[in-house]
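Structure record follows, encoded as structure tokens.
The values are calculated or read from the model by the stated rules, or taken from the named source; none is laboratory data. What you see is a predicted model, and the numbers here were worked out from it, not measured in a lab. Methodologically, a virtual Cβ is constructed for each residue, glycine included, from the backbone with ideal geometry; neighbour enumeration extends over all protein chains shown.
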Amino acid sequence: MSCSINLKELGYKNSTKDVFNSVTLNVSHEEKVAIIGANGSGKSSLLKIIAGLITPTSGGVFLFHDEMKSLKDFRKYRCDIGYLPQDVSDHFLCPTVIEDVMFALRAKGKSKDDAYKKSYEMLQSLGIVHLENRNIYDLSGGEQKIVALAGILITEPKILLLDEPTNALDEDAEQKIIDILNSIKKSMIIVSHHKTFIEKLAPTVYKLNKDGLNRL
């Protein structure tokens, strides 16, 4: 089975310390993998490295067997990677839900009618069509997470990188995210500290520490 993501002996150092070393990981096509670890272990930094947002100190990142030698190399795979940050409040670019979900399609040159149709269908599939004309900043945290996810999925990425997707959500909102992610056939790396969430979603779990990843 082909791999979507290969990390080879990855290391990362911030301004104050070595965060992690020797991270090696292979994520196959449509495989769901969870990463846990203590606060400060570098889980979010690892996702940002895979997303092409920051540069590792050492080691290699390969997407679809193509080595990413610099941040510029990620450009050709930008549409193939959907990155959901832990805090989505700064993620939105438009005031209403439907406008924000449409944004990426309009930026790609889709007509307004085509972008609206596809975005409306996305809202329907995620069960949030009732939020279509709502102001994003009037939504709950759970609703904002699902809208942000809709804005990512609309571009049809092959890889999802999800940083604490259920952080600070209530039980109903968490279950909604679980149902959505279980219905999606894509390669995923999910960072979470919610044990029950991980158990319902990712069959493969790794723990990140300073010396790398340990499979649990």
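Points worth noting:
- Residue check, V147 part of a loop (DSSP other than H, G, I, E, B), in contact (Cβ under 8 Å) with a residue 24 or more places away in the chain and of a type in the set (A, V, I, L, M): no
Each row is one residue, and each column tells you yes or no for (1) of a type in the set (F, W, Y); (2) without any contact (Cβ under 8 Å) to a residue 40 or more places away in the chain; (3) over 22 Å from S140 (Cα atoms).
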{"residue": "I159", "(1), (2), (3)": "no, no, yes"}
{"residue": "D163", "(1), (2), (3)": "no, no, no"}
{"residue": "D172", "(1), (2), (3)": "no, yes, no"}
{"residue": "Q175", "(1), (2), (3)": "no, yes, no"}
{"residue": "I180", "(1), (2), (3)": "no, no, no"}
{"residue": "S192", "(1), (2), (3)": "no, no, no"}
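- Of all residues in the stretch 158-167, none satisfies being in a loop (DSSP other than H, G, I, E, B), of a type in the set (D, E) and exposed (fewer than 13 other Cβ atoms within 10 Å of the Cβ).
- Of the residues N14, N26, the single one that is closer than 26 Å to F197 by Cβ and exposed (fewer than 15 other Cβ atoms within 10 Å of the Cβ) is N26.
- N26 fulfils the conditions (1) farther than 22 Å from L201 by Cβ; (2) part of a strand (DSSP E or B) except for a single criterion, (1).
A quick yes/no check of all residues on (1) of a type in the set (D, E, K, R); (2) in contact with a Phe, Trp or Tyr (Cβ under 8 Å, 6 or more places away or on another chain); (3) in a loop (DSSP other than H, G, I, E, B):
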position	(1), (2), (3)
K69	yes, no, yes
C79	no, no, no
Y83	no, no, no
V88	no, no, yes
K110	yes, no, yes
K118	yes, no, no
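- Flag if L63 is surrounded by 15 or more Cβ atoms within 10 Å (Cβ to Cβ), farther than 28 Å from Q144 by Cα and either of a type in the set (D, E) or in contact (Cβ under 8 Å) with a residue 40 or more places away in the chain (or both): yes
- Considering only residues in the stretch 76-112 that are without any contact (Cβ under 8 Å) to a residue 12 or more places away in the chain and either closer than 30 Å to N21 by Cβ or surrounded by 14 or more Cβ atoms within 10 Å (Cβ to Cβ) (or both), the one that is farthest from the chain's Cα centre (by Cα) turns out to be K110.
- Boolean, K186 is touching a Pro at 6+ places or on another chain (Cβ under 8 Å), touching a residue at least 12 places away in the same chain (Cβ under 8 Å) and of a type in the set (K, R): yes
- The set of residues from the stretch 29-60 being within 21 Å of S15 (Cβ to Cβ), in a loop (DSSP other than H, G, I, E, B) and in contact (Cβ under 8 Å) with a residue 60 or more places away in the chain comprises G37, A38, S41, G42, A51.
- Residue ID - nearest to F92 (Cα to Cα), chosen from residues in the stretch 112-141 that are polar (S, T, N, Q) and modelled with pLDDT of 95 or more: N135
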